[in-house]
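The structure appears below as structure tokens.
The values are calculated or read from the model by the stated rules, or taken from the named source; none is laboratory data. This one's a predicted model, so the numbers in the text were calculated from it and none came from an experiment. No Cβ is skipped: glycine too gets one built from the backbone with ideal geometry, and neighbour counts run over all protein chains shown.
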Amino acid sequence: MSANNNLLANMLLLPAPYNQADVVLLAQGLTNYTYRLQLKHTNYFYRQGIARPESLFIDRAQERQALLLAEEAGLLPKIHYHSADGQQLILAWSDEPSWQADYFSSAAGITQLGQLAARVHAIPARLKTLDLADYLQQLMVSLPSLSQTVCQRIEQQQAILRALPVISPVFCHNDINPTNLLGMKPWLVDWEYAALGDPAFELAGICRVGQFDMRQQQVLVNSYQAAGGCCELNRVIQMLVVVDLVSLLWCEKMLLLRSEAQYHALRQHLYLALGITEV
């Protein structure tokens, strides 16, 4: 079925009046398609998930809980519709632009990111916990062509993770990046991978997205702690390798789906960062 026919079929499943709206494609991502719905003088954001989201480790039931928590906390635009299977999502439209990479890595941006992470992590939630050692295992098993060198590095990191002091998991977004931040409020969208987890992993992910140096990492953690978050810089630094490994494994998955130059370049960069020799 063509993309247009798929869109038509999915639009027919929407309740009135949204099924009568004009539709403009915004983006076609790995896990979903996003559109602007235009209905009279009102715009809405429409997300249509891919078939079999579990193949990319998406739990739509868990995402639903995370979306409701984020909306209640004032972090997400109003939810107007969410289908029973979680695939179709309609939010209030926001004209606020996504963050620019330069602002994400600026002193003001980093301070705001620390405050935002602390705000998210303070939300009481009853969700599944993302066990990082298990997550690495799931990703590794899903990629049977991985080299023995990469598998050994993953196993070493799993042992390190299991030896870390146990901390109470917190509500994490797990994909805080400029495209998911709208305006200076900011709105935080795309909660597909939200779960309970280690706050240091969330903060380390932010550090890697912004390519923060040690000084910027310290600013992030200081801002996080000042806003009530509980996490030490040393643990964040330990999690940087975990973020790199997870990113490498996701890059390998993307290359199986889309052999694009950006993923080849990212793969090479991550091999170098991890000190792994490609074979």
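Within segment 25-63, the residues that satisfy the criterion of being buried (at least 17 other Cβ atoms within 10 Å of the Cβ), closer than 17 Å to His173 by Cβ and polar (S, T, N, Q) are Asn32, Gln62. Taking segment 33-82 as the range and being assigned to a loop (DSSP other than H, G, I, E, B) and over 24 Å from Val141 (Cα atoms) as the test, the residues that pass are Lys40, His41, Ala73, Gly74, Leu75, Leu76, Pro77, Lys78. Applying the set (1) modelled with pLDDT under 90; (2) buried (at least 18 other Cβ atoms within 10 Å of the Cβ); (3) more than 24 Å from Asn32 (Cα to Cα) to Leu220 leaves exactly one unmet item: (1).
When segment 118-148 is limited to residues that are of a type in the set (S, T, N, Q) and part of a loop (DSSP other than H, G, I, E, B), the one that is farthest from Ser223 (Cα to Cα) turns out to be Ser145. Within this structure, Arg126 passes the test of being charged (D, E, K, R), within 19 Å of Ile167 (Cβ to Cβ) and more than 18 Å from the chain's Cα centre (by Cα). Within segment 64-78, being surrounded by fewer than 18 Cβ atoms within 10 Å (Cβ to Cβ) and of a type in the set (Lys, Arg) holds for one residue alone: Lys78.
Given the criteria surrounded by 15 or more Cβ atoms within 10 Å (Cβ to Cβ), closer than 14 Å to Phe171 by Cα and not assigned by TED's automatic domain parsing to the domain that holds Leu13, does Ala117 qualify? Taking the combined requirement at face value, the residue satisfies it. Take the conditions (1) touching a residue at least 60 places away in the same chain (Cβ under 8 Å); (2) crowded, with 19+ Cβ neighbours inside 10 Å; (3) farther than 27 Å from Glu71 by Cβ; Ala194 misses just one of them, which is (3). For segment 161-279, no helices (runs of 4 or more DSSP H) sit wholly inside it while including 3 or more residues that are within 21 Å of Leu132 (Cα to Cα), of a type in the set (Ser, Thr, Tyr) and not assigned by TED's automatic domain parsing to the domain that holds Phe45. Looking at this structure, is Met1 modelled with pLDDT under 95, crowded, with 18+ Cβ neighbours inside 10 Å and over 19 Å from the mean Cα position of the chain (by Cα)? Criteria not met by Met1.
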